[in-house]
1. Please give the number of the condition Lys93 fails out of (1) at pLDDT 95 or above; (2) of a type in the set (Lys, Arg); (3) more than 13 Å from Leu37 (Cα to Cα).
2. State all residues of the range 38-68 that are within 15 Å of the chain's Cα centre (by Cα), basic (Lys, Arg) and surrounded by 11 or more Cβ atoms within 10 Å (Cβ to Cβ); if no residue qualifies, say none.
3. Mind listing just one residue for me: the one in the range 69-93 that is within 25 Å of Gly40 (Cα to Cα) and aliphatic (A, V, I, L, M) and, of those, farthest from the chain's Cα centre (by Cα)?
4. Take Phe30 and decide whether it is in a helix (DSSP H, G or I) and of a type outside the set (Lys, Arg).
5. I'd like the full set of residues that are of a type in the set (Phe, Trp, Tyr) and more than 23 Å from Ser76 (Cα to Cα), limited to the range 6-62.
6. Taking the conditions exactly as written (without any contact (Cβ under 8 Å) to a residue 24 or more places away in the chain and part of a strand (DSSP E or B)), does Lys55 satisfy them or not?
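The values are calculated or read from the model by the stated rules, or taken from the named source; none is laboratory data. These numbers were taken from a predicted model, which means no experiment stands behind them. When we count neighbours, we look across all protein chains shown, and the Cβ atoms used for this are built from the backbone with ideal geometry, even at glycine.
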Amino acid sequence: MTRSDLVEKLSEKFSSLTKRDVEQAVDIIFDEISTTLAKGGRVELRGFGAFSVRKREGRMGRNPRTGETVTVPAKSVPFFKAGKGLKDRLNQK
């Protein structure tokens, strides 16, 4: 599902809202999640999962094309852990 698919689905479900209003709401939600993660925070959506930030240490890597050793700097990466409700829904048969 893409962002536009999500907006379309929500527009159908909430027909009293315009497509533009739904698109703004989706943008605000994603922006708030991104902003919170950028500040090092955590976002938990009960029954769905939790977004957090993990730190990766710097390391020595290898350029696959040339075989040359390169330094990979430390960085922060987003991490998602699925909640119980999502796991249960995925494993229904």
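1. With respect to (1) at pLDDT 95 or above; (2) of a type in the set (Lys, Arg); (3) more than 13 Å from Leu37 (Cα to Cα), Lys93 is out only on (1).
2. Arg42
3. Only one residue fits best here, namely Val72.
4. Details: in a helix (DSSP H, G or I): yes; of a type outside the set (Lys, Arg): yes.
Here the answer is yes, as Phe30 does meet what is asked.
5. Initial filter on the range 6-62 (of a type in the set (Phe, Trp, Tyr)): 14, 30, 48, 51.
Scanning the range 6-62 gives a single hit, Phe14.
6. Numbers: without any contact (Cβ under 8 Å) to a residue 24 or more places away in the chain: yes; part of a strand (DSSP E or B): yes.
Yes, satisfied.
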